[in-house]
Amino acid sequence: MADLRFKRVLLKLSGEALAGNEPYGIDPKAMDILSQELENVAGLGLEMVLVIGGGNIFRGVSESAKGMDRASADYMGMLATVFNALAVQDALEKRGVDTRVLSAISMREVAEPFIRRRAIRHLEKGRVVICAAGTGNPYFTTDTAAALRAMELRCQAIFKATKVDGVYDKDPVNNPEATMYKNLTHMEALERRLRVMDSTAISLAMDNDLPIVVFNLFAQGNISRVAQGEDIGTTVSGG
Ligand code: UDP
């Protein structure tokens, strides 16, 4: 078994990680690359909880801006995360990685209900636990669900995989001179509105002393590197 810095982590993937180069939906090529990466990480012996967003399919807040009732739109957003969870489960199980989908909204024909002790048991048995349907409540996001589940399931860190290398002082896509932070406190991330995760999620992580490691998902091998303690991306910790 590999020498790991963490024993149990929560990996937050946004829905767009599954869309690859497509504007929405699930791209089989992106799924293949992602599941290969996750298979490698699981093979290191890291206990892994996945929280996957739904923005590649449906985002409640955008739809409510167009006139839909916010709570109804948010429930649709949560259902979108279930689509993604099932897609990731399928891709992982094809590779022989044992998984369980646990949903915050009960739909027992499709997924187990989220029961904290059961989730911990799955992790102890080496299964990848995929938490679907966010927190189960409208007006929240899957970032907040990630912080909540990470604490409940006693994860040592949140791995926030993004499209860029870490957290920057400006949007690096539009500003080539943007500089990346190596380390930040939760409070700095909040005060500078750095959008590491949404503010509810960062506050929860801060209050419970949970580090967040932000790194590039699309650089091959990165999840394993972070798990093994390589100093890449940005670490948000220490209040
Ligand atoms: N959502 C919600 N409560 C939750 C988690 C998610 O209402 O606890 C809804 C919300 O409408 C959100 C959508 O699900 O816009 C998809 O999640 P998110 O935007 O976090 O996905 P991501 O941006 O990570 O792809």
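Based on Cα positions only, what radius of gyration and what Dmax would you give for the range 1-121, in angstroms?
Calculated on Cα positions, Rg and Dmax stand at 15.4, 52 Å.
Any idea of the accessible area per residue across the range 1-91, 1.4 Å probe, to the nearest Å²?
Each residue of the range 1-91 exposes 46 Å² on average to a 1.4 Å probe.
Mind jotting down the distance between the C-alpha centroids of the range 122-154 and the range 188-221, whole Å?
For the range 188-221 versus the range 122-154, the Cα centre distance is 16 Å.
Out of the DSSP beta bridges found with both residues in the chain, what percent are antiparallel (nearest 5)?
15 percent
Checking a compactness column here: for the range 49-178, what do you get for Rg(Cα) / (2.2 N^0.38 Å), N being the number of residues?
After normalising by residue count via 2.2 N^0.38 Å, the value is 1.15.
Fully extended, how many nm does the chain gain between Glu152 and Glu22 (0.36 nm per residue separation, minus their Cα-Cα distance)?
43.4 nm
Tell me which residues come under 5 Å, amide H to amide H, from Gln228 once H is placed; ignore anything under 5 positions away on its chain.
Answer set, sorted by chain and number: Arg5.
Ordered by packing density, taken as the mean number of other Cβ atoms within 10 Å over each peptide's residues, highest first, how do 37-44, 83-90 rank?
83-90, 37-44
For the range 142-239, just say rounded, prolate or oblate: build the C-alpha gyration tensor, square-root its eigenvalues into a ≥ b ≥ c, call rounded for a/c under 1.5, and beyond that prolate if a/b exceeds b/c, oblate if not.
Note, shape of the range 142-239 comes out oblate.
Hey, can you grab everything whose amide H is under 5 Å from the amide H of Ser103? Only 5+ residues off in sequence or another chain; H modelled, so Pro and N-termini drop out.
Glu112, Phe114, Ala132
Over the range 89-239, what is the relative contact order in whole percent, taking alpha-carbon pairs under 8 Å and six or more residues apart?
Working: 245 pairs, mean separation 30.8, N = 151.
Once normalised by length, the contact order is 20 percent.
So who's got an amide H within less than 5 Å of the one on Asn56, skipping anything under 5 residues away but keeping other chains? H placed 1.01 Å off N, in plane.
Excluding prolines and chain starts, which carry no amide H, the hits are Gly15, Glu16.
Rounded to a whole number, what % of the accessible area of the chain do carbon and sulfur atoms account for, probe 1.4 Å?
Roughly 48 percent of what the probe reaches on the chain is carbon or sulfur.
How high is the relative contact order of the range 1-126, given as a whole-number percent (alpha carbon pairs under 8 Å, six or more residues apart)?
23 percent
What does the C-alpha gyration tensor say about the overall shape of the chain? Classify as rounded when a/c is under 1.5, otherwise prolate if a/b is larger than b/c, or oblate.
Verdict is rounded for the chain.
With label points built 7 Å along Cα→Cβ from the Cα atoms of Gln36 and Glu109, find their separation and express it in nm.
Taking the two extended label points, one gets 3.6 nm.
The values are calculated or read from the model by the stated rules, or taken from the named source; none is laboratory data. This one's a predicted model, so the numbers in the text were calculated from it and none came from an experiment. We place every Cβ from the backbone using ideal geometry, glycine too, and count neighbours over all the protein chains shown. Accessible surface areas use protein heavy atoms only, side chains included; no ligands, DNA or RNA. Shrake-Rupley method; radii C 1.70, N 1.55, O 1.52, S 1.80 Å.
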